[in-house]
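Values quoted throughout were computed directly from the atomic coordinates according to the rules given, and no laboratory measurement underlies them. It should be emphasised that the depicted structure is a prediction, and the values quoted were computed from it without experimental measurement. Virtual Cβ from ideal backbone geometry, glycine too; neighbours counted across all protein chains shown.
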Amino acid sequence: MAHYTLNGEAVRRCRALIDARQYVLDSTWGDVQPDSEAENAYLAKHNWSDYAAWHLGLTEGANEETKARHAFVFGDFRRVHRSALIASVYRGLGVAAQVGRAGRPRPAAAPGRDQQLTGSDQRSGDSSSRNAHRSTSGKGVKSSSGARTKPYES
């Protein structure tokens, strides 16, 4: 199983984009996630450092300046997608136990920013339209390791 470290530069970029309101609240990540062609087009115009800043995780042991090095993309190379942050958290849950035991932070979706996008952070402005995206099941999510996460609470 791959091990990841948190990419601090990507977290800073994600937060800056959210603060600048460069985000999409309602998208289907599987439909808008950059494919290999989009990644190659981005790399043709940008350097690896720019590419890395769109990925919350860095794969330990992978060669630098390779796509394999970069994990948990959080946007479409223009804007943050809330669905990408959620996908990153769920994907990260599968490795959270092993990463947590090693004392390293698990790749997470810009801590606190999903709550900001969904309106629970008062600094994000009016939250009335964003509240419709919240889960109200109250059951939480069970990870592949069997651990149950807390449900979203306001």
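Those residues that are of a type in the set (A, V, I, L, M) and assigned to a strand (DSSP E or B), I need them from region 1-38; list them, please.
LEU6, VAL24
SER83 is checked against (1) exposed (fewer than 15 other Cβ atoms within 10 Å of the Cβ); (2) among the polar types (S, T, N, Q); (3) assigned to a helix (DSSP H, G or I) and fails just one. What number does that condition carry?
Looking at each condition in turn, SER83 falls short on (1).
For region 40-51, indicate whether the set of residues that are charged (D, E, K, R) and closer than 20 Å to GLY92 by Cβ is non-empty.
no
So which residues in region 54-80 are touching a helix residue (DSSP H, G or I) at 6+ places or on another chain (Cβ under 7 Å) and surrounded by fewer than 20 Cβ atoms within 10 Å (Cβ to Cβ)?
The answer is THR59, ALA62, ASN63, GLU65, LYS67, ASP76, PHE77, ARG79.
Which residue out of LEU56, LEU25, LEU43 is of a type in the set (A, V, I, L, M, F, W, C), in contact with a Lys or Arg (Cβ under 9 Å, 6 or more places away or on another chain) and under 21 Å from ARG82 (Cα atoms)?
Values: LEU56 fails: in contact with a Lys or Arg (Cβ under 9 Å, 6 or more places away or on another chain); LEU43 fails: under 21 Å from ARG82 (Cα atoms).
Among LEU56, LEU25, LEU43, only LEU25 is of a type in the set (A, V, I, L, M, F, W, C), in contact with a Lys or Arg (Cβ under 9 Å, 6 or more places away or on another chain) and under 21 Å from ARG82 (Cα atoms).
Could you list all residues from region 1-60 that are in contact with an Asp or Glu (Cβ under 8 Å, 6 or more places away or on another chain), over 14 Å from ASP76 (Cβ atoms) and not small (Gly, Ala, Ser)?
Residues satisfying the conditions are HIS3, TYR4, THR5, TRP48.
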